[in-house]
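Q: Handing you a structure now.
Only the coordinates and a few stated rules stand behind these numbers; no lab work does. These numbers come from a predicted model, not from an experiment. Note that we place each Cβ from the backbone using ideal geometry, even for glycine, and neighbour counts take in every protein chain shown.
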Amino acid sequence: MGQKKVIKKEYRITVVGCGHVGLVTGACFAELGYRVCCVDKDKKKVNNLKKLILPFYEPGLFELVEKNYKRGKLEFTTDLKKAIRNVQVIFIAVGTPPNPDGSADLSSLERIAYLVAKNLNSYKLVVEKSTVPVQTGEKIKETILRYRKNSKPFDVASNPEFLREGKAVHDFLHPDRIVIGVESERAEKILRDLYSSLKAPIVVTDINTAEIIKHASNSFLATKISFINAVARICDLAKANIDKVAEAMGLDPRIGKEFLKAGIGYGGFCFPKDLEAFLYISKKLGYEFSLLKEVKRINEEQKKYFVEKVKDYLWILKDKKIAILGLSFKPDTDDMRFAPSLDIIEFFLREKSKPILYDPQARKEAEKLLKGKKVKFAKDPYQAVKDCDCVCFLTEWEEFKHLNFKKIKKLMRMPLIADGRNMLDKRYLESLGFKYLGIGT
Ligand code: UDX
């Protein structure tokens, strides 16, 4: 036991990429006691991090970064070469944005592998942390072998991250499982050591299998959401209640209650991109994963369906003032990437409606993405709903559940609520005189 602790402290870690996965990984490893160097090529981001200005909002992360930066466990740099030379373990957490054909852009990974090869001054363990297509580990290994100038040993491993935005720190420190895809005992031991203070089952496998575990997990969760959204459509047609259907289904432990919440569909930087990448890679390997195509189609349709519901009720959307409460792809984050709200706002704009937007955290991000569009932003929900013909709830922020709906009714021109997340109390709102439109309720 004692010996293990000594070895543990010796590991020095570099995390490449200060995005969501990278920064959380770096801060959490620092919190576990390791010396961590977080690298990013974006100078402004790194300078801001040194001033303790974080590039995004994530509950609990600021405190970890501040504490560990001040106690010298966490540092930030743009100097990747030095960051590689100084450590044994390099986690790659750079973005793998989608190419137009759905494949993932892996050029950043190639660059890192090249630099590892050129700076192989001692044994290195190169670990893929962000989601990458299956067989990327093999490519990283080939690249390092191709460019290295000496025979210093190295290993490549896959250690996919399953953290959710908004709960990322908690998910890292309290994982359901830790997946380690390795080719050597040395790599396995290092990764086991690094995680030894976390209580979670560890699944050790080969690298390709670990990569597929990540693809399959995200795609399965997306499938669950599209499944329940399809059932919600049937509930609307049959006048049944999807929330009760999901509740009862979820009580069966084989199904599980998570990810059975019907609504306007999934968004964010992971599900849409990862599903696309899995479809692409399956096809490339020789399998047409048509189930995932349908998952994607249902998800896209769900947003149109929501707007159609409002249109059915209001008849004409032109010149109607539509308050949109909630813009981020889910609560507790300011992330607007692939947020369903963006498509929904676009549909309303096409109908020449006048959207007035409010979000507790994502306004800045939304303003960037909606620059030049005919939308207005409100400073609070009450200002947003003033004289509106409809208020749409697109993100289930906790504060929306505690709004003064009597006040909202007085402020609106037409008391119509379209609840894209089935988050409000339909009966209560109807008792106040609202017309309530949910999804499958
Ligand atoms: C997801 C995975 O959960 C995580 O394990 C992986 O590492 C990254 O991708 P994240 O993108 O942060 O995490 O969001 P998540 O909480 O999974 O939600 C994704 C989307 O699905 C959101 O738009 C959310 O609103 C939607 N969703 C989720 C539903 O519509 N219904 C549900 O029941 C659950």
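Q: Give me the angle, in degrees from 0 to 90, between the Cα long axis of helix 136-147 and the longest principal axis of the Cα atoms of the chain, rounded to the nearest 10.
A: 40
Q: At what distance in angstrom do the alpha carbon centres of segment 222-245 and segment 260-297 lie from each other?
A: Going from one Cα centre to the other spans 19 Å.
Q: Once you've got the GNM for the chain with C-alpha springs shorter than 10 Å, pick whichever of Glu351, Glu399, Glu161 has the biggest mean-square fluctuation.
A: Result: Glu399 has the largest fluctuation of those listed.
Q: If you average 1/r across every pair of different Cα atoms in segment 12-205 and take the reciprocal, what Kirkwood value do you get, in Å?
A: About 16.7 Å, per the Kirkwood formula over Cα pairs.
Q: Go ahead and set up a Gaussian network model of the chain, Cα springs under 10 Å, then flag whichever of Ile281, Ile316, Ile112 fluctuates most.
A: Ile316
Q: Just need the relative contact order of segment 12-205 here, percent rounded to a whole number, with Cα pairs under 8 Å and 6+ apart.
A: 20
Q: Roughly how big is the chain's charge dipole about its Cα centre, with Cβ charges of +1 (Lys, Arg) and -1 (Asp, Glu), in debye to the nearest 20?
A: Taking the Cα centre of the chain as origin, the dipole is about 1240 debye.
Q: Go ahead and run the numbers for FRET between Ile53 and Lys189, Cβ-Cβ distance against an R0 of 45 Å, rounding to 0.05.
A: For R0 = 45 Å, the calculated efficiency reads 0.75.
Q: Pairing the Cα long axis of helix 20-31 with the longest principal axis of the chain, what angle in degrees results, from 0 to 90 and rounded to the nearest 10?
A: 60
Q: Also, I was wondering about something else. Based on the alpha-carbon gyration tensor of the chain, what equivalent-ellipsoid semi-axes (square roots of 5 times the eigenvalues) come out, in whole Å, largest first?
A: 43, 23, 20
Q: Also, quick follow-up: Cα centroids of segment 105-171 and segment 401-424: how far apart, whole angstrom?
A: Segment 105-171 and segment 401-424 have Cα centres separated by 49 Å.
Q: Another one. Once each part is reduced to its C-alpha centroid, what is the distance from segment 4-80 to segment 326-376 in angstrom?
A: Cα centres, segment 4-80 to segment 326-376: 31 Å.
Q: Could you work out how far apart the two model spin labels at Glu430 and Met249 are, taking each label as a point 7 Å from the Cα in the direction of the beta carbon, and quote it in nm?
A: So the two model labels end up 2.3 nm from each other.
Q: What fraction of the Cα pairs in segment 219-437, stated in percent, has a spacing above 28 angstrom?
A: Here the tail beyond 28 Å accounts for 29 percent of pairs.
Q: Pairs of alpha-carbon atoms within less than 8 angstrom and 6+ residues apart define the contacts here; what relative contact order does segment 224-352 have, in percent?
A: Computed over segment 224-352, the figure is 26 percent.
Q: While we're here: Using only helices, what value at 222 nm comes out for the chain when you add -39,500 (n - 2.57) per DSSP H run of length 4 or more and divide by the total residues, to the nearest 500 deg cm²/dmol?
A: After summing the helix terms and dividing by the residues of the chain, the value is -14000 deg cm²/dmol.
Q: Which one of Lys124, Lys426, Lys273 has the biggest mean-square fluctuation once the chain is modelled by GNM with Cα springs under 10 Å?
A: Lys426
Q: Restricting to DSSP loop positions (anything but H, G, I, E, B) with no more than 14 other Cβ atoms inside 10 Å of their own Cβ, which trypsin sites (Lys or Arg not before Pro) remain in segment 181-241?
A: Hits after loop and neighbour filter: Lys199, Lys239.
Q: Another question, if that's okay. Can you tell me the order of 141-147, 419-425 when each peptide is scored by its average per-residue count of other Cβ atoms within 10 angstrom, highest first?
A: In decreasing order of mean packing, 141-147, 419-425 become 419-425, 141-147.
Q: Order these peptides, 177-183, 200-206, 18-24, by their mean beta-carbon neighbour count within 10 angstrom, highest first.
A: Those peptides, ordered most packed to least, come out 18-24, 177-183, 200-206.
Q: Take every DSSP beta bridge whose two residues both sit in the chain, then give the antiparallel share in percent to the nearest 5.
A: 5
Q: What distance in nm separates the simple spin-label points at Glu294 and Lys167, each placed 7 Å from Cα in the Cβ direction?
A: The two pseudo-label positions are separated by 2.8 nm.
Q: If you line up the long axis of helix 61-70 against the longest principal axis of the chain, both from Cα atoms, how many degrees apart are they, to the nearest 10?
A: 30
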